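The values are calculated or read from the model by the stated rules, or taken from the named source; none is laboratory data. Computed from a prediction, not measured in an experiment: that's the story for all the values here. Here Cβ is always computed from backbone atoms with ideal geometry, including for glycine, and neighbour counts include all displayed protein chains. Just the protein is used for accessible areas: all its heavy atoms, side chains included, with ligands, DNA and RNA removed. Shrake-Rupley method; radii C 1.70, N 1.55, O 1.52, S 1.80 Å.
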Amino acid sequence: MLHQELADELWAADRDAAPITPLTDRNPDLSLHDAYAIQSVNIKRRIAGGERVIGRKVGLTSRPMQEMLGVDEPDFGVLTDRMIAEDGDLVALSRLVQPRIEAELAFVMERDLAGPGVTTASALGAIGGVLPALEIVDSRVADWKIKLVDTVADNASSGLVVIGGRMRPVTDLDLRLLGVAVSRHGQLIETGAGAAALGNPARCVAWLANKLGTLDAGLKAGDVVLPGAVHRMVAVQPGDVFRAEFAHLGAVTVRFSNGTGESA
């Protein structure tokens, strides 16, 4: 019953845009297994409501984020079709609780992939292409005061994903050196490169496939996979316009409403 109760809290926080105190403050014995079980309750609820699973996101792939939360491996969340926005869309802040922006690659799987034994090389062989993306991360936990269990239970702090329109084969690119420049209202605010995500973003896909393999699951052809951010997340303010310019991939842009009453 505890899993259901905590999942209900996170669900209500998302729907009411009213963040809650950290789950771990009130339930210090919650394990990572518990956290994924709580995540699963709300994913099943999304599916029952008509949403379709289209992929996964990997989080905590940079060393600074792992050190901040005191962990030594990434986590993952689930992406559904209602989390996707198009390049240039206006996103209503009423859809979100405490949004932050991260520029990421978005991989599209060409073949199924599941562990054990998946390597970076075999992950690269299963990825069909890569697109530019902006992840709008969000937390239903007040003030982003999260520990690993909190963020995993909260679907790895997922919000929305804005995906660009130009896809290139991964064989054309050195993902480690693929750079990005992020601007707000035309002013440069962040930069990064693929190597910040476990040394190679494809290694994040390998980690994910192996992790899913331990859960009798895997990635499917056509799935979208976000391998993790390559720079610090940036808080969103009303009226913000963010643009991420990726080397070799082009740009992706998202706009945010001026007030909670506007629709996307």
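Observations on the structure shown:
- Under 5 Å between amide hydrogens, built in the peptide plane, is the criterion, and for Val161 it picks out Ile84, Ala85, Ile136 among residues at least 5 positions away or on other chains.
- Segment Thr171..Glu5, full-extension length gain: 55.2 nm, with 0.36 nm per residue of separation and the alpha-carbon distance subtracted.
- Accessible-area composition of the chain, carbon plus sulfur, in percent [1.4 Å probe]: 51
- Size of electric dipole in the chain: Cβ of Lys, Arg +1 and of Asp, Glu -1, about Cα centre, debye, nearest 20: 380
- Karplus-derived HN-Hα couplings along the range 195-209 (A = 6.51, B = -1.76, C = 1.60, θ = phi - 60°), whole Hz, x at Gly and Pro: 4, 5, 9, 6, x, 6, x, 5, 5, 5, 5, 4, 4, 4, 4
- Ile189 long-range amide H proximity, modeled H, under 5 Å: Val182, Ser183, Arg184
- Based on the convex hull around the alpha carbon atoms, the range 46-188 presents an average projected area of 10.4 nm².
- Surface per residue (accessible, 1.4 Å probe) for the chain, Å²: 43
- Helical content alone sets the calculated 222 nm signal of the chain at -7500 deg cm²/dmol, taking -39,500 (n - 2.57) per DSSP H segment of four or more residues and averaging over every residue.
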